[in-house]
Amino acid sequence: MRELELLIPTLFGLEGLCAEELRRLELPWVRAENGRVCCGARQEDIPRINLNLRTGERVLLVLGRYDARDFEALFEGAKALPWEHYIPRDGAFPVKGYSLNSQLHAVPACQAILKKAIAARLGAKYGLQTLPETGALYQVQFSIMRDEVTLMLDTTGPGLYKRGYRAVGVAAPLRETLAAALVLLSRYRGRDPFCDPFCGSGTIAIEAALIAKNRAPGLNRSFSAQKWKWLDSGLWLRAGDEAMDKEYHGQYDIWGGDIDPKAVAIARDNAVKADVEDCVRFEVADAAKFHRDEPRGRVVTNPPYGERLLEKQEAEELYRTFGRAVRGLPEGWQVGVLSSHTEFERTFGKTADKKRKLYNGMLKCDLFLYGIKGRG
């Protein structure tokens, strides 16, 4: 079977983690780039990656790359690709994408020309003047970077961060892919207690539970490529069975607390939807009074951050009191705090042992990592 090329966009800062995940799934020639990871694949890997990937945003199938500095080259390059191998006569194929540092920088014009080129190719192959586009979705994505055009089909549909368990959220929710990354960066493996004292709608704790159980995050949702005629539906069933066979069934101590009872109620509901309510506890609790006596464990959390002055002062007071609480934990605990506050370490009262630059959407953040060296 011909090897395919896949491209997986990621949030900035997560490229290495995503590449590591793909290597564990035994994908060939995994290559991390800025904001994306590329790899080789076979057809059966499309379901496997969509179901199992925790830190990638979507799975794009690369159909072709070529250089284009004018609209004619853009049109002819797209028209030369074998779209009929992938898109049936009734397939819907909207086009979207972006252009960076290229001669062709007008995105709407590029969109229109690529659409016209694909329609010309498919129309000629299927003997149709007008394509109905009444069937399954084959979302075409393009990127034009330094005049190199990459044309892709989106196999995922709604982004991979949409796991299917979070129907409602609280203010400023953390994207699930980033929450999973925080858990992975903490090196949590399901053995020690895991705590999130600012749990909000429960995303970090739920992702920790999915990681502890080794549960594929995409099992409770559907994907665009499930409706594609050329991709055998049996491959999705096989990938789902394979993922479920690899699940662990143990006892886990995963806890989330929040001062807002509404947030806690939402978190509990989300845990039920994610089917992890048996291994996550959510309670109404004040992070300033957070305390645990176990000899080791992990805290991973994303405290609220106020943009306005009054909120900023409240946030800083919160960091101060939480910093004091955390320094009272036994040695052997590790703490990871995600914050976009530029003065976080000063207000928290401790310089981080390690820092990792991450992005929550377009918001630049740091993950501050601490090892507890003793009480006080």
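For R54, indicate whether it is touching a Pro at 6+ places or on another chain (Cβ under 9 Å) and either in a loop (DSSP other than H, G, I, E, B) or within 18 Å of Y138 (Cβ to Cβ) (or both).
So R54 fits the description; yes.
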Of all residues in the stretch 88-115, which are open to solvent by 30 Å² or more (accessible area, probe 1.4 Å), assigned to a loop (DSSP other than H, G, I, E, B), farther than 30 Å from Q226 by Cβ and touching a residue at least 40 places away in the same chain (Cβ under 8 Å)?
N101, Q103
All-but-one check, E57 against (1) in contact with a Gly (Cβ under 6 Å, 6 or more places away or on another chain); (2) open to solvent by 50 Å² or more (accessible area, probe 1.4 Å), failing number (2)
Working only within the stretch 87-107, note down all residues that are within 14 Å of I144 (Cα to Cα) and within 27 Å of the chain's Cα centre (by Cα).
V95, K96, G97, Y98, S99, L100, N101, V107
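Here's the yes/no breakdown for (1) in contact (Cβ under 8 Å) with a residue 24 or more places away in the chain; (2) touching a Pro at 6+ places or on another chain (Cβ under 8 Å); (3) over 24 Å from D241 (Cβ atoms):
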| position | (1), (2), (3) |
| --- | --- |
| I8 | yes, no, no |
| L22 | yes, no, no |
| P28 | yes, no, no |
| A32 | no, no, yes |
| G40 | yes, yes, no |
| N50 | yes, no, no |
Residue pairs qualifying under the 6 Å Cβ cut-off, at least six apart or on distinct chains, with the first in the stretch 325-345 being free of Cβ contacts under 8 Å to residues at least 24 places away in the same chain and the second being surrounded by fewer than 17 Cβ atoms within 10 Å (Cβ to Cβ) and not aliphatic (A, V, I, L, M), are E345/T351
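Kindly evaluate G135 against the criterion of being part of a loop (DSSP other than H, G, I, E, B), open to solvent by 10 Å² or more (accessible area, probe 1.4 Å), within 19 Å of K96 (Cα to Cα) and of a type outside the set (D, E).
yes
Yes or no, residue by residue, for (1) touching a helix residue (DSSP H, G or I) at 6+ places or on another chain (Cβ under 6 Å); (2) open to solvent by 30 Å² or more (accessible area, probe 1.4 Å); (3) among the hydrophobic types (A, V, I, L, M, F, W, C):
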position	(1), (2), (3)
R23	no, yes, no
V30	yes, no, yes
C39	yes, no, yes
L51	yes, no, yes
E72	no, yes, no
Y86	no, no, no
Number of positions in the stretch 245-260 that are farther than 17 Å from R189 by Cα and open to solvent by 50 Å² or more (accessible area, probe 1.4 Å)
3
Which one is most open to solvent (accessible area, probe 1.4 Å) among residues in the stretch 188-222 that are assigned to a loop (DSSP other than H, G, I, E, B), farther than 19 Å from D245 by Cα and not small (G, A, S)?
R191
Which numbered condition in (1) open to solvent by 60 Å² or more (accessible area, probe 1.4 Å); (2) over 21 Å from Q334 (Cα atoms) is the only one that R296 fails?
(2)
Return only the number of the condition from (1) at pLDDT below 95; (2) open to solvent by 40 Å² or more (accessible area, probe 1.4 Å); (3) within 25 Å of the chain's Cα centre (by Cα) that E311 does not satisfy.
(3)
Kindly evaluate G336 against the criterion of being buried (at least 17 other Cβ atoms within 10 Å of the Cβ) and part of a helix (DSSP H, G or I).
no
Looking at the stretch 264-298 only, could you name the residues that are assigned to a helix (DSSP H, G or I) and within 22 Å of the chain's Cα centre (by Cα)?
I266, A267, R268, D269, N270, A271, V272, K273
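The values are calculated or read from the model by the stated rules, or taken from the named source; none is laboratory data. Everything quoted here is computed from the prediction, not taken from an experiment. For neighbour counting, all protein chains shown are included, and Cβ atoms are generated from backbone atoms with ideal geometry for every residue, glycine included. Note: accessible area is taken over every heavy atom of the protein model, side chains too, but ligands, DNA and RNA are not part of it. Shrake-Rupley method; radii C 1.70, N 1.55, O 1.52, S 1.80 Å.
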